[in-house]
Amino acid sequence: MPKGFFVRPVKSLRGKIVLAGDKSISQRAVIVSSISKGTTRIENFLFSDDCLSTIKAFRSLGIKIETDSNSIVVKGNGLYGLKKPTRPLNLGESATSLRLLSGLLAAQDFKSILKAAPSLSRRPMRRILEPLRLMGAQIRARKKKTKNWIEEFAPLEIKGTKLKPIRYKLPISSAQVKSAILLAGLYVKGNTQVIEIFKSRDHTERMLRAFSADIRLDPSMISLSGDKELSTPRLIKIPADISSAAFFIVGSTIIEGSEILISSVGVNPTRAGVLNVLKRMGADIRLFYHPEKITGAEPVADILVKASQLKATLIDCPEIPAVIDELPIIMVAACFAKGNTIIRGVEELRVKETDRINSMVTNLSLMGGQIKVRKFTQSDSGAKAFEREEIIISGPTKLEASRVSSFSDHRTAMSMIIAGLAAKGNTVIDEISCISKSFPNFIQTLDKVKN
Ligand code: S3P
């Protein structure tokens, strides 16, 4: 018997599911409550590998964090209450913790060293180091020459210092870069301003507002006035993770006879672009919004999905930040859609946990998917032209089982499991332990709705 995880096709996916909390919001809740004054209870917290890395890091920075079955209690020490860690902080595979913490620790009055697991140590850090250094941050990183520039990587050696405000236009759409600057900006006297070309997820801005930070959100710019204590709202309820929900939404769309209800999902428009994309493709998705509450300040809805025939769509560059983590499962959906689905401006996928263009194109092609990747040139409002990438998927294709690989990437693994459920024959995935990075009980949840 060959080794690996076996996926057998199912008749349908049916039932009601409750998913764990959003990964991005859980991490921000720990970070911001740790530097606020008072105790914060964070309910429906996601206990995944990445979020546990964040908790561990803040415990090493002197913060008391208690955990129970689905919530945590953080005893914040105030803006200037973090303690010098006695050892390097190891953020494991969590890029969000590593990048956000770099901003926060750059402004402390102590030194710290941030280490990462091997795969995160291969992911680019220059994107955060550039703006932080403009603020005066003193950070040393491992350098390596790439084709066009010198890139920098973890481990990062941070000599905390007083920072100054900047006005920074993000050259790439990245919530992690934006958040690193804003967290550093909390310690800066004066106004830190961030301008985005295309809006990335705004969870940090919402979290900071929930903690009464002096933050202004204009359509074209975020301004934060720092050096002010944050006050805790005492209770944060984390909505279910739309990125986790996306696997069930696509699964129940492409598998005939399916019907799934997912409760209390975060549907923040800067994050939940997958819903618009799938609706444009003809998916039968209905949202039942919860009445707005102040805690967490994130929009929440129950999502009802029924199987339907899909048609191709165009996902253009401005929409990419709102679907960035869902592109692997959208690629699966596109194989089942009639026509050519074009996804433009996907090059950021190259620097995720694995190169997700490579992982998904390789796997889906092995299963019979019709996928091409092309380069195109885009000029930045007439200034400099830069090379981008687009994916074209032609469908519909009845996918056929194959032996595929997770490439040790959680989202590739879960996408291929859903593809396998809808394919002909038994698909085998080499290993799927990486799923615990974001969705430890994915398999159990799936087993509940399989028919
Ligand atoms: C995240 C931002 C995105 C996303 C990642 C989580 C965050 O990364 O892909 O999974 O929590 O801020 P980038 O900021 O690199 O786009």
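Brief remarks on what is shown
- Strands (runs of 3 or more DSSP E) wholly inside the range 5-111 containing at least 3 residues that are over 30 Å from residue 418 (Cβ atoms) and of a type outside the set (Ser, Thr, Tyr): 36-43, 64-67, 71-77
- Leading residue by the ranking (nearest to residue 206 (Cα to Cα)) among those in the range 15-35 that are crowded, with 24+ Cβ neighbours inside 10 Å and among the small types (Gly, Ala, Ser): 29
- Every residue from the range 208-258 that is charged (D, E, K, R) and more than 30 Å from residue 185 (Cβ to Cβ): 256
- Of all residues making up the range 352-362, the number that are closer than 25 Å to residue 279 by Cα and either within 16 Å of the ligand (Cβ to nearest atom) or touching a residue at least 40 places away in the same chain (Cβ under 8 Å) (or both): 3
- Residue check, residue 376 away from the ligand (no atom under 16 Å from the Cβ) and open to solvent by 30 Å² or more (accessible area, probe 1.4 Å): no
- Residue selected from the range 149-181 under the condition β-branched (Val, Ile, Thr) and open to solvent by 50 Å² or more (accessible area, probe 1.4 Å), by the criterion nearest to the ligand (Cβ to nearest atom): 172
- Cβ-Cβ under 6 Å pairs, at least 6 apart or on other chains, the range 173-188 side within 15 Å of residue 223 (Cβ to Cβ), far side away from the ligand (no atom under 15 Å from the Cβ) and open to solvent by 10 Å² or more (accessible area, probe 1.4 Å): 184/107; 184/163; 188/163; 188/165
- Test for residue 369: is it surrounded by 14 or more Cβ atoms within 10 Å (Cβ to Cβ) and farther than 30 Å from residue 117 by Cα: yes
- Options 64, 56, 115, 83; residue that is touching a Gly at 6+ places or on another chain (Cβ under 8 Å), over 21 Å from residue 243 (Cα atoms) and open to solvent by 20 Å² or more (accessible area, probe 1.4 Å): 83
- Residues that are under 25 Å from residue 279 (Cβ atoms) and of a type in the set (Lys, Arg) were ranked within the range 328-351; the one that is most open to solvent (accessible area, probe 1.4 Å) is 338.
So that you can scan it fast, the table gives a plain yes or no per residue for (1) farther than 26 Å from residue 202 by Cβ; (2) touching a Phe, Trp or Tyr at 6+ places or on another chain (Cβ under 8 Å); (3) within 14 Å of the ligand (Cβ to nearest atom):
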{"residue": "43", "(1), (2), (3)": "no, no, no"}
{"residue": "60", "(1), (2), (3)": "yes, no, no"}
{"residue": "66", "(1), (2), (3)": "yes, no, no"}
{"residue": "79", "(1), (2), (3)": "no, yes, no"}
{"residue": "105", "(1), (2), (3)": "no, no, no"}
{"residue": "115", "(1), (2), (3)": "yes, no, no"}
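- Enumeration of residues in the range 218-232 that are out of contact with any Pro (no Cβ under 8 Å at 6 or more places or on another chain), at pLDDT 95 or above and more than 16 Å from the ligand (Cβ to nearest atom): 221, 223, 224, 225, 227, 228, 229, 230, 231, 232
- Taking the criterion of being over 16 Å from residue 357 (Cα atoms), open to solvent by 10 Å² or more (accessible area, probe 1.4 Å) and of a type outside the set (D, E, K, R), the only residue of the range 402-420 that qualifies is 402.
The values are calculated or read from the model by the stated rules, or taken from the named source; none is laboratory data. Owing to the predicted nature of the structure, the values given are computational and were not obtained by experimental measurement. Cβ sites come from the backbone with ideal geometry, for glycine too, and all protein chains shown count toward neighbours. Only protein heavy atoms, including side chains, enter the accessible area calculation; ligands, DNA and RNA are left aside. Shrake-Rupley method; radii C 1.70, N 1.55, O 1.52, S 1.80 Å.
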